[in-house]
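Presented below is the structure to which this report refers.
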Amino acid sequence: MLNAVQRLDTARETNCTPEMYEQLYRRSVEDPDGFWLEQAKRLEWVTPPTKGGDWSYDPVGIEWFADGTLNLCHNAVDRHVEAGRGDATALIFEPDDPATPGRSLTYAELRGEVVRMANALKAIGVKRGDRVTIYMPMIVEGVLAMLACARLGAIHSVVFGGFSPEALAGRIEGCASRFVVTADEGLRGSKRVPLKANVDAALAEPDHDTPIDGMLVVRHTGTEVTMTEGRDHWYHELASDEECPCEPMGAEDPLFILYTSGSTGKPKGVVHTTGGYGVWTATTFSYVFDYRPGEVFWCTADIGWITGHSYIAYGPLLNGATQVVFEGVPNYPDHGRFWDVVDKHQVNFLYTAPTAIRALMREGDAFVTSRNRSSLRLLGTVGEPINPEAWRWYFDVVGEKRCPIVDTWWQTETGGVMITTLPNAHDMKPGSAGKPFFGIRPQLVDNDGAVLEGATEGNLCITHSWPGQARTVYGDHERFEQTYFSTYKGKYFTGDGCKRDEDGYYWITGRVDDVINVSGHRMGTAEVESALVSHAKVSEAAVVGYPHDIKGQGIYCYVTLNAGEEGSDALYAELRGHVRKEIGPIASPDHIQFTDGLPKTRSGKIMRRILRKIAENDYGSLGDTSTLADPSLVDRLIEGRQNR
Ligand code: ATP
Ligand code: MG
């Protein structure tokens, strides 16, 4: 196991010392209702709640703060203005093209803009309880649309702007949404994304039969689009400054529907509610990032994912924070763009994903070291296990060993961060997410459900509910019960495998569906992948099991190399030897396939289920591929497999 990295002396008063963490954690599990009712005071309620959690995992029913009423848009926006913080900067917009002027909004301006958006939504007929599909580029209006829905009590369903018309149609249909907010076009790395045309195509899909009552179109690039009379409206023509009060909502009223990434199967449309989700994102943002007023936060996720919901639209704004909204991509105009943005806006917190870190690392240090980055104070990662090698690079090169890293494990279904180190309370261990957040009770169980104690490895469950937990799968409570609560009765099963070490740190080993069993030895994919990535020439690796006559399962590795490197027989042998040395002969790869890319979801996660099928030579039934980022890659991978 790698050595722990000491807590860094950040020379400022901390919001959570090691002692405070222990004390607060103990309180949060001994008296969850008292603890969370206390945390609920972070928000302003119309009717403050008197009830904490009321939940059961068998049968499944979950409520938090059920007798409270509030509005989250009020809490994210108006409240700060009313408290005299209207002049503080809320959003700093950084466009795709660095030569295009950006824009920045104070909280007072944000309030004005949200009201305009809410009035436009009203003008097309949106009312409390309606579902509104948001299919937007990463521009300020995307965040405005979410907040405006919350203001009116409408339920937003954000669909990532990179999804195809077909995927969009399925998600509009999935929640019988009768309203769409979109833009003429989006921009990503100078490429134009025909958003409005995609919505038109989605609505024209032959099996799409939910009529749309109204669509708002934001003019962004100014390109010409087709507007259907009576249905489609320009946002700027309907926006108005009339008063638009916040609708008081029940804590358990749905706030949004959001689909999971689709790494392990058909995406699930999970439902989050107002009060619990609000308290959870406000509390986790504050502790995990240790944010102070005036500092600049930047989460690079798209609002199409849960990370963009919890740590762009809600968590930071509920805390009155200043944050960057970035339209672009890490490699445009060049691989130094992230660091340019950091310098330009004096960013203090960077929260991104392992896929981006590995992609930037692949291009060498010069893109990073040629930029200043002295404003950075804390780095975060989320989405996949981060290989220790990538962690080290993030820590040493990007953060110059002065910025703590928070490796935050969580899921769409958990609403916010569940396992992480806190910047001033814990030592860090590269590759480990760390310790449970307040109120989170992780449990590791074996395949029969027997509870495993101490330092061990097993299937990660959570035994008690927390405020940010998803309440259901939209329109399919049975799928919710089946997916998360039926494998181990009475527990929430995450689907992830996990190790716990002697210090009580958690190490996510990958999806349990991906666990490989070699001659009776169970192995997580993360460990073998990290061994491969620790080789100087390897950029990324994905490891799957495939049927093997003698071992039961063999180890099949897909490997991408650093810029300028090429696969060869010599490198093949070298990598096998490297893994044997790093982990042991049992983990020795049976096959290594060099590839120019790995199949990933649109949110950047490796889809091992597809790689498993290809390794098994089973190309007929690749399963749901609707969230695949680059479908053409699959053919190249199959070709590579057949040439072996
Ligand atoms: P689907 O549920 O549709 O298969 P998904 O699980 O990828 O897709 P998300 O909710 O976006 O959808 O991702 C949650 C998963 O991401 C977790 O279950 C875990 O496997 C992985 N993950 C997230 N953060 C981390 C992290 N810090 N370390 C390790 N794994 C992580
Ligand atoms: Mg999942």
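The table for this structure:
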item: GLY439 vs. criteria surrounded by fewer than 21 Cβ atoms within 10 Å (Cβ to Cβ) and more than 15 Å from ligand 1 (Cβ to nearest atom); result: no
item: Among (1) part of a helix (DSSP H, G or I); (2) more than 30 Å from PHE65 (Cβ to Cβ) - the single one GLY278 does not satisfy; result: (2)
item: Residue among GLU574, GLU582 that is acidic (Asp, Glu) and over 20 Å from THR525 (Cβ atoms); result: GLU574
item: Odd one out for GLY520, checked against (1) touching a residue at least 12 places away in the same chain (Cβ under 8 Å); (2) at negative phi; result: (2)
item: All positions within the stretch 456-469 that are surrounded by fewer than 22 Cβ atoms within 10 Å (Cβ to Cβ) and out of contact with any Gly (no Cβ under 9 Å at 6 or more places or on another chain); result: THR456
item: Subset of the stretch 552-604 that is more than 16 Å from ligand 1 (Cβ to nearest atom) and of a type in the set (S, T, N, Q) - its residue that is nearest to ILE306 (Cα to Cα); result: THR560
item: Any hit, the stretch 388-409, residues being within 15 Å of ligand 1 (Cβ to nearest atom), small (Gly, Ala, Ser) and under 19 Å from TRP507 (Cβ atoms); result: yes
item: Sole residue being away from ligand 1 (no atom under 15 Å from the Cβ), assigned by the TED database to the domain that holds ASN459 and either under 30 Å from PRO59 (Cα atoms) or over 25 Å from the mean Cα position of the chain (by Cα) (or both), chosen from TYR492, TYR488; result: TYR488
item: Pick from the stretch 470-480, criterion within 16 Å of ligand 2 (Cβ to nearest atom) and not basic (Lys, Arg), ranking: surrounded by the most Cβ atoms within 10 Å (Cβ to Cβ); result: ALA470
item: In the stretch 232-272, the residues that are surrounded by 20 or more Cβ atoms within 10 Å (Cβ to Cβ), of a type in the set (Phe, Trp, Tyr) and away from ligand 2 (no atom under 16 Å from the Cβ); result: TYR235, PHE256
item: Selection count, the stretch 352-377, where residues are in contact with a Ser or Thr (Cβ under 7 Å, 6 or more places away or on another chain) and closer than 24 Å to ALA90 by Cα; result: 2
item: Count - residues of the stretch 292-324 that are in contact with a strand residue (DSSP E or B) (Cβ under 6 Å, 6 or more places away or on another chain), closer than 18 Å to ARG85 by Cα and not β-branched (Val, Ile, Thr); result: 4
item: THR509 vs. criteria outside any helix (DSSP H, G or I), within 14 Å of ligand 1 (Cβ to nearest atom) and either on the phi > 0 side of the Ramachandran plot or outside the structural domain of ILE614 (by the TED database) (or both); result: yes
item: Every pair of residues 6+ apart whose Cβ atoms lie under 9 Å, when the first sits in the stretch 248-264 and is not assigned by the TED database to the domain that holds SER603 and part of a strand (DSSP E or B) while the second is more than 16 Å from ligand 2 (Cβ to nearest atom) and acidic (Asp, Glu); result: GLY250/ASP67
item: Qualifying residues in the stretch 239-264 (those that are away from ligand 1 (no atom under 16 Å from the Cβ) and closer than 19 Å to SER310 by Cβ) - the one farthest from the chain's Cα centre (by Cα); result: MET249
item: Subset tally (residues that are more than 16 Å from ligand 1 (Cβ to nearest atom), without any contact (Cβ under 8 Å) to a residue 60 or more places away in the chain and within 30 Å of HIS426 (Cα to Cα)) for the stretch 462-485; result: 1
item: Unique residue being more than 20 Å from TRP298 (Cα to Cα) and small (Gly, Ala, Ser) when the list is GLY399, GLY416, GLY380, GLY458; result: GLY458
item: Scan of the stretch 42-68 for residues that are surrounded by 15 or more Cβ atoms within 10 Å (Cβ to Cβ) and either without any contact (Cβ under 8 Å) to a residue 12 or more places away in the chain or of a type in the set (Val, Ile, Thr) (or both), ordered by number; result: VAL60, ILE62
item: Some residue of the stretch 398-415 being in a helix (DSSP H, G or I) and over 23 Å from SER310 (Cα atoms); result: yes
item: One residue from ARG641, ARG636, ARG608 being within 22 Å of THR355 (Cβ to Cβ), surrounded by 18 or more Cβ atoms within 10 Å (Cβ to Cβ) and not small (Gly, Ala, Ser); result: ARG608
item: Any hit, the stretch 88-99, residues being more than 27 Å from the chain's Cα centre (by Cα) and free of Cβ contacts under 8 Å to residues at least 24 places away in the same chain; result: yes
item: Test result for GLU224, away from ligand 1 (no atom under 16 Å from the Cβ) and farther than 28 Å from GLN469 by Cα; result: yes
item: Residue ranges of strands (runs of 3 or more DSSP E) in the stretch 67-174 with at least 2 members of a type in the set (A, V, I, L, M, F, W, C); result: 89-94, 131-135, 155-158
item: Sole residue being within 16 Å of ligand 2 (Cβ to nearest atom), part of a helix (DSSP H, G or I) and within 21 Å of ARG441 (Cβ to Cβ), chosen from THR487, THR483; result: THR483
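Results for (1) touching an Asp or Glu at 6+ places or on another chain (Cβ under 6 Å); (2) outside the structural domain of ASP302 (by the TED database); (3) surrounded by fewer than 22 Cβ atoms within 10 Å (Cβ to Cβ); (4) not acidic (Asp, Glu), shown as yes or no for each residue.
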| residue | (1), (2), (3), (4) |
| --- | --- |
| ALA359 | no, no, yes, yes |
| GLY364 | no, no, yes, yes |
| GLY380 | no, no, no, yes |
| ILE386 | yes, no, no, yes |
| LYS401 | no, no, yes, yes |
| ASP407 | no, no, no, no |
| GLY415 | no, no, no, yes |
| MET418 | no, no, no, yes |
| SER432 | no, no, no, yes |
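The values are calculated or read from the model by the stated rules, or taken from the named source; none is laboratory data. As the structure is a prediction and not an experimental result, all values here were calculated from the model. We place every Cβ from the backbone using ideal geometry, glycine too, and count neighbours over all the protein chains shown.
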